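Some notes on the structure that comes next.
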């Protein structure tokens, strides 16, 4: 009887260890998987090999009679040794007018760091009306040990944004990509 119980316990422990290993592997693969899924869906399009400052800005008619509040939220993955924040938590914009806002980031470690910012726009249906022409999120950012950076984002809210949207939230989460296979 005890050998049978010992065998059942051993099989259970092996299954649990396998589950833990699979969960760790899935968690480790989330950033590259997220990039692939976003690229397939047409979101988070990266301009690799392009000077982001030269992206053409479409001409829009500025709607001076309307304001939309744009809020900026920042976070870092719990294993990313960074300080990251928006210089301005929110601004009121006129649809059709281009704006540039700055974000502050600092590598808090004494080692070089490669990090990728993943953007998200809320409400999701407003995302097609929020156009970024310059963003640190387009490429992986490289930081020297304890390096600080001010990083601009240039954007416009398309005047075709439905009137029901009064606030758009742009959030970024930085992930450590230093040991990523895709660097």
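Read-outs throughout are calculated quantities, based only on the coordinates presented, and are distinct from any laboratory measurement. All of these numbers come straight from a predicted model, not from anything done at the bench. Positions of Cβ are generated from backbone atoms using ideal geometry, with glycine treated the same way; all protein chains shown enter the neighbour counts.
Here are the numbers:
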item	result
Linear extension gain, residue 6 paired with residue 58, 0.36 nm per residue minus alpha-carbon span	11.8 nm
Estimated Rh, segment 49-176: Kirkwood, alpha-carbon pairs, angstrom	15.4
Relative contact order %, segment 49-176, counting alpha carbon pairs below 8 Å whose residues are six or more apart	36
Sequence of 74, 88 once ranked by neighbouring C-beta atoms within 10 Å, starting from the fewest	88, 74
Ranked 113, 30, criterion: other C-beta atoms within 10 Å, fewest first	30, 113
